[in-house]
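All remarks here apply to the structure that follows.
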Amino acid sequence: MNPEPVRVLIVDDHEPFRNGLRTLLSSVAGIDVIGEAGNGKDAISLTEENQPDIILMDIQMPGMNGIEATRLIHQSSPHIGIVVLTMFEDDDSVFASMRAGARGYLLKGADQSEILRAIQSVQSGEALFGPGIARRLINFFTNINPPQGEKPFPELTDREHEVLDLIAQGASNNQISQHLVISQKTVRNHVSNIFSKLQVVDRAQAIIRARDAGMGTDEHPK
């Protein structure tokens, strides 16, 4: 008996690229392209309706982008493997995609064998990143801890360090306001600046970055 084909959803806002990718994948035995979407919102709807095995996800699209769509799909359907397929190779895009739940990251221009290998690997429960992306990950994790005696995130002010440390401890804005004796509006401004400088989109991502750097080890203020 032949195994069930891998059901793939293509998400990209450029129709010619989707058509080319569909043609490529449709020519491969064992792969069934079950749909296409041009933005993150449509990707979520099609995922709910069709439950693909693999999603090939672009990042920059109109309306909801691919990183947010990846995050929401991963939350509701963590069994679905998401492979980011994009032209963006900057660290921010790579790590934001990983934090959102992507299990693969390839650059557009990857050859057929690389795309197929990513689909097969992620379908098997593994993760796969293109060679250039893999080097970025190695460099990042090799240098994740700051040198002894230096503060993490030197781009932050001393006050922003204090606020981030309290965020990493799980403190709310109200608790931070009371602990530092500053207004909640000032806390919100600091939090906004921190998110911008760390290039994170929410509190959860800020906490992950801070804790990875060794912050937030004390018990947060009550």
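Overview of values
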item	result
Mean ellipticity per residue at 222 nm, deg cm²/dmol - from DSSP H runs of n ≥ 4 across the chain, formula -39500 (n - 2.57)	-15500 deg cm²/dmol
Proximal charge balance of residue 156 [Cβ under 12 Å; K/R count +1, D/E count -1]	-1
Average accessible area per residue (Å²) across the chain - probe 1.4 Å, nucleic acids and ligands excluded	53 Å²
Contour minus Cα-Cα distance for residue 193 and residue 91 (0.36 nm per residue)	34.8 nm
Projected label distance in nm at residue 212 and residue 19, using a 7 Å step from Cα toward the beta-carbon	4.0 nm
Nearest-0.05 FRET efficiency for residue 204 and residue 111, computed from C-beta distance (R0 45 Å)	0.80
Spin-label model distance (nm) - residue 155 vs residue 137, 7 Å beyond Cα toward Cβ	2.3 nm
For the chain, built as a Gaussian network whose Cα springs stay under 10 Å, the top-fluctuating residue of 38, 20, 130	20
Phi to ³J(HN,Hα) by Karplus 6.51 cos²θ - 1.76 cosθ + 1.60 over the stretch 172-177, Hz, x for Gly, Pro	7, 4, 5, 5, 5, 4
Label-point separation in nm, residue 183 to residue 27, each point 7 Å along Cα→Cβ	6.4 nm
Principal-axis tilt of helix 131-142 within the chain, Cα atoms, nearest 10 degrees	20 degrees
Reachable aspartates and glutamates from residue 197, criterion Cα separation under 13 angstrom, eight or more residues apart if same chain	92, 155, 160
Cβ-based net charge around residue 38, under 10 Å, with every Lys or Arg adding one and every Asp or Glu removing one	-4
Apportionment of accessible area to carbon and sulfur, the chain, percent (1.4 Å)	50 percent
Summed side-chain charge close to residue 181 - residues other than residue 181 whose Cβ falls under 13 Å, Lys, Arg +1, Asp, Glu -1	0
Between helix 112-123 and the chain: long-axis angle, C-alpha atoms, 0 to 90°, nearest 10	70 degrees
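The values are calculated or read from the model by the stated rules, or taken from the named source; none is laboratory data. Since the model is a prediction, treat every value here as computed from it, not as a measurement. Here Cβ is always computed from backbone atoms with ideal geometry, including for glycine, and neighbour counts include all displayed protein chains. For accessibility, only protein heavy atoms count, side chains too; no ligands or nucleic acids. Shrake-Rupley method; radii C 1.70, N 1.55, O 1.52, S 1.80 Å.
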